[in-house]
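Colleague: Got a structure for you, written out below as structure tokens; questions coming shortly.
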Amino acid sequence: MKTSKIILVFILMFVISNCMSVKAPDNWLPEPENISEDVYGAWITLRLDDTDDYYFLGGEFIGYEQKTVLLLNENGLSKIAIEDIKEAIIDLYKRETSSLTWWTLGGCVASVTHGWFLIISMPVWLVSGIINSAIASHSGRFAEENPDDDWFEAVKRYSRFPGGIPKNIDLHALKPKQINKTD
Amino acid sequence: MRIRSLFLVALLLPTAIFLFSCQSYNLTREVSEVKKSASIDHQSEFIKIHKADGGVYVLQKWIVDEQNKTITGTGILYDHNREIQDEGYLQIPYNEILLIETNVLDPSLMTEAFGGLTLVSGALTVYCLTNPKACFGSCPTIYAWDGKDMSLQAEGFSSSIARVLEEEDIDALHSLKPQNRNLEIKVTNEALETHSIKYLNILAARRHHDSEVFHTHSNEFYEVANLQPPKICDSDNGDCLERIKSFNDLEYYSETDSSDLAVKETLELTFDQIPDGKLGLVLGYRQTLLTTYLIYQSLAYMGSKYGDWLAKLETNNSNIKDFTSKSYSLLGDLEIYILDENQKWKKCGSISENGPIARNLELASLIDSYSLPLKIQIRMTRGMWRIDYAAIGQVINKVEPQRIFPIEVSKDEVCDESALQRLHDSSKYLVTFPGDSYSLFFQLPEDYSNYEYFVESKGYYYEWMRDAWLKEESQENLFAFFFDSRNHFKKLAPEYKKIEPTMDKIFWESKYENK
């Protein structure tokens, strides 16, 4: 394998593992094993079209009603109409992708010591690393481009209020989830 | 020795990582109303009970008391801001409950469960062996009395080709003619598949004598009267009115494009007889064998790695599920467009139900506004759908159907108490194998002739790998199938065209039956 090709594969591997990396703040998402007792909504990231440039908005998925997504972050509550949403990503729990990438990288470097078997071992490391990174980075995640009403109706079960927004509460007084800094 | 060791390390280490480090999970979150509390998934370590005021109970141990209409257990009550309001032993009356949520996280790779999937097919016909992607298959087939015979009327959870894709399915028993209050439904496994049925119930929706009840894609039920077929039906192949004006075996369908399986076509319907009141479009339809072919083709590409892929699907819900659904979404649903007052085509709904066997009869779309004459377009992938019926009707009101559970199950005319218990216990499945046939008995309401009946089923199934498919194993083609679907469907088009004319015949002749 030529050096340039190896570099390309590494780049691909890092792109796969990092481009889908969780956009929630550190320690915001629950560990997978704690999700069944977690009382907050999933983390939702919305890509909005802002004429010349794209921008992202992220926060706790509070609910979905009347074609509007409600999300809550440190800046308060936002209500976004679905026609303004170009892409939505919902992250349910914490995933480990970077360690897998570094592990694969280590394996590739170590395969240099394999002599001629480098021809076999390095591609095996690369392929399994890329596939693993891709799979792990999508675990616990739902993503949709130009999400429609049906999609949000389907995923609102991952919001704080899956049964709809409660009628008699002051939405702007909702408190965001406090991050456990000690984790 | 050194070389051999290095070789082993090179091969085994990444495999070990693959198996042990990639502990991606499969999260199944069920959200249901309190009336389904009896079917709470007890695999869930906790349940969350959502209140209408935004509060939520999290219970670790709980009991559902159907008689007193309460759920009791130990846990914590949080308010809408997630501040603790109460904890300890809690009793929650049904009328406080908005939704019940369960979460099951399954980290297991399930490799062993799939080890036996690569099985030899020895029972199919010569046709099937020579043309293996036309073999009969498609989830549990459901037979009921049509006045003359036990005829095929529905197929259960046809999209659920793996446990992770398990979902509820509702199908109209459109030809059912109950003789009395005792209804028998035959549930069969006629393909090389393993079926796992969580439940199978009858839904009875009351109607007036001059109306019918139809369900929508979102499983709502409406009473509809005064159905009117279109006056004109235009298609790319010319006039199609004869084929769609009544619900019978005469269906409209076209052949796929020879260069691209994803090419679309449009049916245009013109209605001149418009019933009064709110309108709805009723469609009778089913799929052709195109999706069956594509599913089998993807399984053929997986080949001996089918078990691995299923394990990945089961343990990486959102990942591979996304890839597969994106791939099949290229083919799309039946999309309904209506010509509005401004003479612009406006999308007013879409429906889809997988499966080439039983015809679906559904309320495809509610129509809010239109111009006269009323024009509706059905846009769909060429060669993928068979349209049997289209009519507009007056939507009278929404109906809440009554759920009827099976009271007896028999296999080979012998009462099977265990099967009945499995269908009543939401933590268990009735598992069936090729050739199995169960009779389920239900007691209908006293005035049974005043209802429309539907079958509600939930479960999943696994296709068995066929010897003949293994020859096409190709990870390269598999990746192209899922990641470059648009081009790959073009590549597959000529091959599909070769077998398209004979697929139907082969499919029906390859049904697996116990002789």
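Colleague: Could you list B:Lys471, A:Lys67, B:Lys245 in order of exposure, starting from the residue whose Cβ has the fewest other Cβ atoms within 10 Å?
Modeller: The fewest-first ordering by Cβ neighbours comes to B:Lys471, A:Lys67, B:Lys245.
Colleague: Please find the FRET efficiency linking B:Lys498 to B:Glu413, where r is the Cβ-Cβ separation and R0 is fixed at 45 Å, and quote it to the nearest 0.05.
Modeller: That pair, B:Lys498 with B:Glu413, gives E of 0.55.
Colleague: Among B:Ile97, B:Thr28, B:Leu59, pick out the residue whose Cα is farthest towards the positive end of the charge dipole of the range B:27-105, where Lys and Arg carry +1 and Asp and Glu carry -1 on C-beta, about the Cα centre.
Modeller: So the residue furthest toward the plus end is B:Thr28.
Colleague: Using Cβ contacts closer than 10 Å as the measure, can you line up B:Val64, B:Val213, B:Val431 from fewest to most?
Modeller: B:Val431, B:Val64, B:Val213
Colleague: How many partner chain Cβ atoms sit within 10 Å of a residue's Cβ in peptide B:49-61, on average, as a whole number?
Modeller: Shielding by partners across B:49-61 averages 4.
Colleague: Any chance you could run the full-extension gain for A:Gln66 through A:Leu105? It's 0.36 nm times the residue separation minus the Cα-Cα distance, nm to one decimal.
Modeller: Computed gain between A:Gln66 and A:Leu105 is 9.3 nm.
Colleague: Would you mind computing, in nm to one decimal, how far apart the modelled labels at A:Ile179 and B:Lys490 are, each placed 7 Å from Cα along Cα→Cβ?
Modeller: According to this spin-label approximation, the distance is 4.6 nm.
Colleague: Gain in length, B:Asp236 to B:Ser474, computed as 0.36 nm per residue apart minus the alpha-carbon separation, to one decimal in nm?
Modeller: In short, 82.1 nm is gained.
Colleague: Provide B:Tyr285, B:Tyr370 in ascending order of the number of other Cβ atoms located within 10 Å of each residue's Cβ, fewest first.
Modeller: Result, fewest neighbours first: B:Tyr370, B:Tyr285.
Colleague: Please give the average number of partner chain Cβ atoms lying within 10 Å of the Cβ of each residue in A:159-171, rounded to a whole number.
Modeller: Per-residue shielding by partner chains comes out at 5.
Colleague: Based on the Kirkwood radius over alpha-carbon pairs, what is the Stokes-Einstein translational diffusion coefficient of the range B:385-485 at 4 °C with 1.567 mPa s viscosity, in µm²/s?
Modeller: Estimated diffusion coefficient is 69 µm²/s.
Colleague: In nanometres, what is the gap between the two model label sites at B:Glu168 and B:Ser246, each 7 Å from Cα along Cα-to-Cβ?
Modeller: Distance between the two pseudo-spin positions: 3.6 nm.
Colleague: A further question follows. Which of the GluC sites (Glu not before Pro) found in the range B:383-445 are loop residues per DSSP with 12 or fewer other Cβ atoms within 10 Å of their Cβ?
Modeller: B:Glu413
Colleague: If r is the Cβ-Cβ distance from B:Asn219 to A:Asp148 and R0 is 22 Å, what FRET efficiency results, to the nearest 0.05?
Modeller: For R0 = 22 Å, the calculated efficiency reads 0.75.
Colleague: Quick check for me: using +1 on Lys/Arg Cβ and -1 on Asp/Glu Cβ, what's the dipole size of the range B:162-235 about its Cα centre, in debye to the nearest 20?
Modeller: Rounded to the nearest 20 debye, it is 340 debye.
Colleague: With the crude spin-label approximation of a point 7 Å out along Cα→Cβ, what separation in nm comes out for B:Met150 versus A:Lys79?
Modeller: Label-label distance for B:Met150 and A:Lys79, simple model: 5.6 nm.
Colleague: Let me ask something else. Which GluC sites (Glu not before Pro) from the range A:61-97 combine a DSSP loop assignment with at most 12 other Cβ atoms within 10 Å?
Modeller: Filter output for the range A:61-97: A:Glu74.
Colleague: Given the convex hull over the Cα atoms of the range B:27-105, what projected area results after averaging over all orientations, in nm²?
Modeller: 4.8 nm²
Colleague: I would also like to ask the following. Report the calculated FRET efficiency for B:Gln421 and B:Tyr448 (r = Cβ-Cβ distance, R0 = 30 Å), to the nearest 0.05.
Modeller: Calculated value: 0.70.
Colleague: Next up: Among A:Lys175/B:Lys48; A:Lys156/B:Lys344; A:Lys23/A:Lys175; B:Lys471/B:Lys497; B:Lys245/B:Lys344, which pairs are too far apart, with a Cα-Cα distance over 28 Å?
Modeller: Over 28 Å apart, Cα to Cα: A:Lys156/B:Lys344.
FYI, it's all coordinate maths here, none of it is from the lab. All values reported here derive from a predicted model rather than from experimental measurement. Methodologically, a virtual Cβ is constructed for each residue, glycine included, from the backbone with ideal geometry; neighbour enumeration extends over all protein chains shown.
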